[in-house]
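The values are calculated or read from the model by the stated rules, or taken from the named source; none is laboratory data. Just so it is clear, the model here is predicted, and its values are computed rather than measured. Cβ placement follows ideal geometry from the backbone for every residue including glycine, while neighbour counts extend to all protein chains displayed.
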Amino acid sequence: MDVVVIGAGQAGLSAAYFLRRSGLEFVVLDANPGPGGAWRHRWPSLRLGKVHGIHDLPGMALPHADASRPASEVVAEYFGAYEREFDLPVVRPVAVRAVRADGTGFVVETDSGTWTTRALINATGTWDKPFWPHYPGRFDGRQLHTADYRGPEEFAGQRVIVVGGGASGVQSLLEIAEVAAGTTWVTRRPPVWRDEPFTPEYGREVVAKVAAAVEAGRVPESVVSVTGLMLTDEIKSARARGLLDRHPMFDHLTPTGATWPDGHEVEADTILWATGFRHALDHLTPLHLRTPGGGIQMTGTQVTADPRIHLVGYGPSASTIGANRAGRAAVTALRRHLAPVAA
């Protein structure tokens with residue numbers, strides 16, 4: 001292949017769209033059993049009307065859909081239709097195990113065989129790598145991550161501690177609070193609420209901040225974490241009812257809950273860790289791309305040290321609109337880099 005794309009979420013499909021128009025020979029390898037990327041794993045109670053910002057893929061708008069339908073279903077259908085419309089060569093389910101340098105190109109090792117390629121676009125996102133922080137002690141109840149959250153019903157009548165100050169933590173907390181015997185919201189830092197509109201200028205400011213981190217080789221924060229939490233009418237109502245009274249992080253776990261430094265203890269049946277995700281890049285380890293600080297130094301979508309490798313949906317492009325732009329930028333750069341040999 002000229003290019004192997006790893007991942008068929010928003011960023012991977014965007015790259016594939018522009019690759020289809022480029023004349024380069026390519027394939028998209030996707031670990032999922034069907035279309036939808038990370039969206040296909042979202043919990044069923046996350047309805048389309050509550051999702052903030054599903055941006056259209058290039059060349060085909062997201063069809064109008066019932067806002068009460070699960071977002072996972074709607075987006076999976078949309079991505080599947082998109083793959084068919086543009087005849088994108090998506091091969092699935094294929095799990096990439098490792099990518100190794102091989103002369104002028106790369107060998108992509110998977111559970112379904114091996115591909116060789118002159119260039120690589122990595123679009124694996126974060127969903128496959130949930131982050132579980134470590135705290136001392138032992139909790140004998142149930143613990144789960146938002147990656148495993150399927151809806152509030154299973155928490156009915158329980159005492160639940162929700163850990164995490166991001167949008168997913170708030171969304172699940174509000175759902176669980178309607179059925180649980182009690183909820184406790186715990187975050188490492190005080191939440192930052194944003195009541196002003198999300199303007200294009202503010203969006204550019206946020207992206208620039210994340211871009212500066214990856215250009216310096218630092219581990220990027222997510223774009224969503226930098227923007228703060230939007231004060232929607234639903235959030236304002238929940239705050240007025242006391243559902244979003246935030247507690248600082250506990251000191252350690254106990255068999256029946258968690259204890260704070262002042263000795264205060266909260267008993268719980270379940271702890272939900274809404275502590276985010278890390279970029280799923282373990283398969284790139286043989287390429288030795290990481291800096292001593294754990295990040296990957298980037299110039300736009302390109303790995304600074306190697307113009308043959310582009311990361312899309314990473315750092316500043318880890319949003320639906322950013323993923324579209326990154327896909328186009330990566331393909332434009334690779335066309336220039338590969339053109340002398342391809343011609």
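Pairing residues of the range 196-225 that are closer than 25 Å to residue 306 by Cα with residues that are among the acidic types (Asp, Glu) and at pLDDT below 75, at Cβ distances under 9 Å and at least 6 apart in sequence or on separate chains, gives 209/221; 210/221; 213/221. Residues that are of a type in the set (A, V, I, L, M, F, W, C) and within 20 Å of residue 311 (Cβ to Cβ) were ranked within the range 108-149; the one that is surrounded by the fewest Cβ atoms within 10 Å (Cβ to Cβ) is 131.
Please return the ranges of strands (runs of 3 or more DSSP E) entirely within the range 101-151 where 2 or more residues are modelled with pLDDT of 95 or more and under 13 Å from residue 6 (Cβ atoms).
Numbers: elements: 105-110, 113-117, 119-122, 142-145.
Answer list for the range 101-151: 105-110, 113-117, 119-122.
What single numbered condition from (1) assigned to a strand (DSSP E or B); (2) buried (at least 21 other Cβ atoms within 10 Å of the Cβ) fails to hold for residue 170? Going through (1) assigned to a strand (DSSP E or B); (2) buried (at least 21 other Cβ atoms within 10 Å of the Cβ) one by one, residue 170 breaks only (1). Confirm whether residue 105 is touching a Ser or Thr at 6+ places or on another chain (Cβ under 7 Å), closer than 27 Å to residue 21 by Cα and not hydrophobic (A, V, I, L, M, F, W, C). Here the answer is yes, as residue 105 does meet what is asked.
The lone criterion from (1) farther than 30 Å from residue 153 by Cα; (2) surrounded by 14 or more Cβ atoms within 10 Å (Cβ to Cβ); (3) small (Gly, Ala, Ser) left unmet by residue 38 is number (1).
Within the range 282-303, the set of residues being part of a loop (DSSP other than H, G, I, E, B), in contact (Cβ under 8 Å) with a residue 40 or more places away in the chain and more than 20 Å from the chain's Cα centre (by Cα) comprises 291, 293. Go through the range 173-186 and report how many residues are in contact with a Pro (Cβ under 7 Å, 6 or more places away or on another chain) and part of a helix (DSSP H, G or I). Residues meeting the conditions: 2.
Can we say residue 152 is more than 15 Å from the chain's Cα centre (by Cα) and surrounded by fewer than 18 Cβ atoms within 10 Å (Cβ to Cβ)? Write out each step before concluding.
Working: more than 15 Å from the chain's Cα centre (by Cα): yes; surrounded by fewer than 18 Cβ atoms within 10 Å (Cβ to Cβ): no.
Criteria not met by residue 152.
Given the options 226, 219, 266, 207, name the one that is modelled with pLDDT under 95, β-branched (Val, Ile, Thr) and either farther than 24 Å from residue 147 by Cα or assigned to a strand (DSSP E or B) (or both).
On the way: 226 fails: either farther than 24 Å from residue 147 by Cα or assigned to a strand (DSSP E or B) (or both); 219 fails: either farther than 24 Å from residue 147 by Cα or assigned to a strand (DSSP E or B) (or both); 266 fails: modelled with pLDDT under 95.
207 is the lone residue from the list that is modelled with pLDDT under 95, β-branched (Val, Ile, Thr) and either farther than 24 Å from residue 147 by Cα or assigned to a strand (DSSP E or B) (or both).
Would you pick out the residues in the range 45-62 that are assigned to a loop (DSSP other than H, G, I, E, B) and either under 20 Å from residue 128 (Cβ atoms) or among the aliphatic types (A, V, I, L, M) (or both)? Within the range 45-62, 46, 51, 54, 61, 62 qualify.
For the criterion of being modelled with pLDDT under 95 and over 20 Å from the mean Cα position of the chain (by Cα), residue 64 passes.
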